[in-house]
Amino acid sequence: QVQLVESGGGLAQPGGSLRLSCVASGTIFSFYTMGWYRQAPGDQRELVASITNTRSTTYADSVKGRFTISRDNAKKTVYLQMNSLKPEDTAVYYCNLFKPTQNYWGQGTQVTVSS
C-alpha cells in the first residue's frame, strides 16, 4: 500500500523560505514521477512542480526561479524548496506519486505566507 507523508509546512513571512518533504512507502519510489500540487480555498488543485525518475523537472510559471523540486531515492523522499515566498503561495500543498494506473496523494500540509 502506497503512503505519502508530507511535512515542513507552516507560517512564513513574505520573502521567506520553507522546505517541504514527502516520504513515500509501499512502492519502488525511484521508478516514478513525483510532484507537488497546491490548492487554495475556492481554487482547483494545481501542479506546482514535478520531477521524473530521470530527474527531469517542470514548474508552474508562477513559481519558476523561486521553487526547486528534488528527490533522494535512497530516502524515498521528494523535497520542495520554496524561496521568496509570496502571500499568493498560501495553500495546502500535496505530494503526488504518479503511476500509469493510479495517482497517489499525501494528506497535505498547510503553507501560509503572511506578515
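Below is a table of values for the structure above.
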| item | result |
| --- | --- |
| The chain, accessible area per residue, ligands and nucleic acids excluded (1.4 Å, Å²) | 53 |
| The chain, accessible surface, carbon-and-sulfur percent (1.4 angstrom probe) | 48 |
| Mean-position separation - Cα centroids, segment 33-47 and segment 49-115, in angstrom | 9 |
| Projected-area average for the chain over all orientations - Cα convex hull basis, square nanometres | 6.8 |
| Most mobile of Ser56, Ser70, Ser17 in a GNM of the chain (Cα contacts under 10 Å) | Ser56 |
| Distance (nanometres) between label positions extended 7 Å along Cα→Cβ at Ser30 and Thr112 | 4.0 |
| Set of lysines with alpha-carbon distance to Lys99 below 20 Å, sequence-local pairs under 8 removed | Lys75, Lys76 |
| Antiparallel bridges, percent of DSSP beta bridges restricted to the chain (to nearest 5) | 95 |
| With at most 12 other Cβ atoms within 10 Å, longest stretch of the chain clear of loop trypsin sites (Lys or Arg not before Pro) (DSSP) | 1-54 |
| GNM top mover of Pro14, Pro41, Pro87 - the chain, alpha-carbon springs below 10 Å | Pro41 |
| Backbone HN-Hα couplings from phi across segment 5-10 [Karplus 6.51/-1.76/1.60, Hz, Gly and Pro as x] | 10, 8, 7, x, x, x |
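The values are calculated or read from the model by the stated rules, or taken from the named source; none is laboratory data. These numbers come from a predicted model, not from an experiment. In this analysis, Cβ positions are derived from the backbone assuming ideal geometry, glycine residues included, and neighbour counts consider all displayed protein chains. Quick note on the areas: whole protein, heavy atoms, side chains included, nothing else; ligands and nucleic acids left out. Shrake-Rupley method; radii C 1.70, N 1.55, O 1.52, S 1.80 Å.
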